[in-house]
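Everything on this sheet refers to the single structure shown next.
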Amino acid sequence: MTGDTTVRGSVGVPMKRKEDPRFIQGKGHYVDDLSLPGMLYLSLVRSPYPHAELKGIDISEAMKVPGVVAVITGKDLEAAGLGWLPTFHGFDKQMVLAIGKVLFQYQEVAAVFAETRGAAVDGAEAVQVDYAPLPVVADPFTAKTDRVILRPDRESKTNHIFHWEVGDRDKTAQALDASPKRISQRIWFQRCHPAPLEPCGCVAHFDAMGRLQFYVTSQAPHVYRTALALVTGIPEDKIHVVSPDLGGGFGNKVPVYPGYVCAIVGALKIGRPVKWIETRTENLTSTGFARDYHMDVEIGATADGKVTALRVRTTADHGAFDAAADPSKYPAGLFGIVTGSYGFPVAHAEVDAYFTNKAPGGIAYRCSFRVTEASYAIERAMDILADELGIDAVELRRKNFVRKDQFPYPSALGFTYDSGDYHKTLDVALEKIGYQALLEEQKQKRAKGELMGIGISTFTEVVGAGPSKHFDILGIKMFDSAEIRIHPTGAGIVRTGTKSQGQGHETTWAQIVAEELGLDPQTIMVEEGDTDTAPYGLGTYASRSTPTAGAAIAMAARRVRERARKIAAHVLEVGEADVEWKDYAFQVKGVPTKRLTMKEVAFAAYTNPGQNEPGLEATQYYDPPNMTFPNGTYIAVVEIDRDTGEVRVRRFLAVDDCGVVINPMIVEGQIHGGLTEGFAIAFMQEIQYDKDGNNLNTNFTDYLVPTSLESPHWETANTVTPSPHHPIGAKGVGESPNVGSPAAFVNAVIDALSPLGVRHLDMPVTREKVWRAIRDAEARKGRA
Ligand code: CDP
């Protein structure tokens, strides 16, 4: 591609350059920075109605707007066979532009292409759409009744999408019935949105060779390439997907959105490049939502607190299309991790999902597919059980933890946990936070009527999707890959099928190569996100990068080392068996003075390889034998103002065990970021809909994102239990803080309110909600 392209320099200073504008990641190059000659802008017409018949679309006024070049509708796309696109987990399909009716507010209805962004927006406003409103289904419990069927396009005339279950239904029911103690609680994980810093966007362009050049905010560029080939019929070699810096993803940038398809269709039909960049409101109202799980949790236990059974029945709200990108065998994701860190002898979990008139939801927001929901449910429920039994929440957990000697541990819901030392992690956390002193302080405060709470969450995750025998997306197995090339001077490049969105792969991938090969990490370039150069992979989400690509890198580096050993033997004039890798260099066994560094061997690989294959590179595709199971103990300490309901998070400690840590600073950064998101979800974030299906949180004044002023101070520590099957013993970590923290916050709030008889509040635990709970409790007391 040629042209006058504005890119952003590494220090954020805009600069012009006349050259191939391929993005160099980590340098601050976003899709919106890309400008091509003759480029058009796309704006989408969106429905104000959550559910309405489309009586007609009149584009004549829009076409009169200066600068507007074309308008396309759902009918145009349908005629081209592109009316619907398959969603990633294969259970459903989604309209690109509305056909026949709209199913959620802000749904895409028409696409306007214009010379400038302003003209495209003006053109979209001028499109006249005649809607006939239909009855709205705003929650999954109404959807269950099937009084209004939302999706007549489907064979099955019901709003029910799927039923999924795991575990032993009968034995669980029997065990619950036989348990001396039992709790049950409906726990709702509200609908929330990943809200990445940069919204979604793309530039689509067919170059002089007729090849689609597609620059897009994608967490999984290779999957996009294959999906585009399958959906559009364009041969896969004629599609080049480049995913530049994303400005955050958090699962929001996994699905393929209508704007992308419209940009490609526009570029093809009009013959000019097309850019689509969504607005914040478009991002918050129409792209991948998360959670919205209504979970009925029951736990049975002995009188002294040994758990006997767990049953969870979930009603899930998936919105108008089932846009979750879950692996195809897992429609409810990895919700089976709901037994958590505890040795439940028997369990049963089931999920029933429904369509509603809301934006498509169910994506894995910083979560390994429904793991956050599961973790929140079990960690809240364990606190409720502790309350019921009158046992300290810490002691209840300690009593029921899977013990270190039980790993690899087969859980009642089918996972084999790889490793962990839950007791140790708990002990480190209790010691660091000063648990006993806090309990004493709480006692004194309670005596004075003050509300202080200590909340604990001892979660286990399942990340690293995944082993090909279980995991695929659209049939594509979820392995990942790495390619390493070492140049003659000992510098090198590593490319993977993953795609960083700010997780720092540029640093940690270079570290793995450097560690395995004894090279300087500063001289290892990391490149991801370009389907022409990177080996095939399934992308970055669900904390899968380290467990999959991280492993592939280590193994590819070991292959490079084996090739280098042969060349070293040639140069050192000994047999290969006489060469050993010691202290980051090859040396002749027993002769420490006869040694060669990898840098020296690299030079020889291109100048003096002998009979060996010249060059120094390797590619590795890695199919993990199991998932990894990171875990942690999080403790929150809160104080609540009785008069205003204000919750102050006084302390928050996160002790994580993600196996071997590649880079402590990056891991700490991941934890800080995820805790801040968990804090936001616990206390302030909910995408709310009114009973008529209107979205009430369309911008950042209604959907709150915490700044440094609101965010608590985070204390962190870690324990290390290596994963036994990962080549360097690492587990994923990126999602742990978002998975583990909401329960710690809410448990702390409920603990603070427990003297008032409050047993549960759903998130977000806003000041108003807390204030009402206090007021109601006081009113109850007054009446008593
Ligand atoms: O898939 P994603 O990159 O979001 O998650 P991850 O695999 O948990 O990795 C997040 C970041 O933390 C990456 O830069 C990892 O290499 C780094 N990390 C680490 O340094 N040590 C670990 N044990 C796990 C992750």
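The values are calculated or read from the model by the stated rules, or taken from the named source; none is laboratory data. Predicted, not measured: the structure shown is a model, and the values here were computed from it. Virtual Cβ from ideal backbone geometry, glycine too; neighbours counted across all protein chains shown. These accessible areas exclude ligands, DNA and RNA; they are computed on the full protein's heavy atoms, side chains included. Shrake-Rupley method; radii C 1.70, N 1.55, O 1.52, S 1.80 Å.
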### Task
May I ask for the net charge around ASN695, where only other residues with Cβ less than 12 Å from the Cβ of ASN695 are counted and Lys, Arg are +1 while Asp, Glu are -1?
-2
### Message
Can you give the FRET efficiency to the nearest 0.05 for ARG280 and THR607, using r as the Cβ-Cβ distance and R₀ = 56 Å?
### Response
0.50
### Summary
Everything considered on the Cα gyration tensor (a ≥ b ≥ c; rounded for a/c under 1.5, else prolate if a/b is larger than b/c, else oblate), segment 67-129 must be described as prolate
#### Entry: Local electrostatic count at THR716 - Lys and Arg +1, Asp and Glu -1, tallied over other residues with Cβ under 10 Å
-2
### Query
Residues of segment 630-734: accessible area per residue at 1.4 Å, in Å²?
38
## Note on the structure
Taking the chain and counting helices only, DSSP H stretches of n ≥ 4 at -39,500 (n - 2.57) each over all residues, the nearest-500 ellipticity at 222 nm comes to -9000 deg cm²/dmol
### Query
If packing is taken as the mean number of other Cβ atoms within 10 Å per residue, what is the order of 41-49, 617-625, highest first?
41-49, 617-625
### Task
Would you mind estimating how fast the chain diffuses translationally, via Stokes-Einstein at 20 °C and 1.002 mPa s with the Kirkwood radius over Cα pairs, in µm²/s?
77
### Query
In whole percent, how big is the carbon plus sulfur part of the accessible area of the chain, probe 1.4 Å, protein atoms only?
52
### Task
Order the peptides 348-358, 606-616, 188-198 from the highest to the lowest mean number of other Cβ atoms within 10 Å of their residues.
348-358, 188-198, 606-616
### At least 20 Å along the helix axis (C-alpha) and Kyte average at least 0.0, DSSP helices within the chain
371-389, 551-572, 664-683, 736-753
#### Entry: Residue-level accessible surface for PHE104, protein heavy atoms, 1.4 Å, Å²
0
### Task
Would you mind computing, in nm to one decimal, how far apart the modelled labels at ALA173 and ASP690 are, each placed 7 Å from Cα along Cα→Cβ?
4.3
### Message
If you take every residue apart from TYR354 with its C-beta less than 11 Å away from the C-beta of TYR354, what net charge results, scoring Lys and Arg +1 and Asp and Glu -1?
### Response
-3
### Summary
Computed over segment 71-145, protein heavy atoms only, probe 1.4 angstrom, the accessible area per residue in square angstrom equals 37
### Message
At R0 = 60 Å, how high is the FRET efficiency between LEU709 and LYS594 if r is their beta carbon distance? Nearest 0.05 is fine.
### Response
0.45
### Query
Ordered by residue, what ³J(HN,Hα) values in Hz, to whole numbers, does segment 470-483 give under the Karplus form 6.51 cos²θ - 1.76 cosθ + 1.60, where θ = phi - 60° and Gly and Pro are x?
10, 10, 8, 10, 6, x, 7, 5, 8, 6, 9, 8, 8, 10
## Note on the structure
Length-normalised contact order of the chain, Cα under 8 Å, at least 6 apart, in percent, tallies to 14
### D_trans [Stokes-Einstein, Kirkwood Rh over alpha-carbon pairs] for segment 236-295, 4 °C, 1.567 mPa s, µm² s⁻¹
93
### Query
Of the listed peptides 494-505, 272-283, 637-648, what is their order by residue-averaged count of other C-beta atoms within 10 Å, with the highest listed first?
494-505, 272-283, 637-648
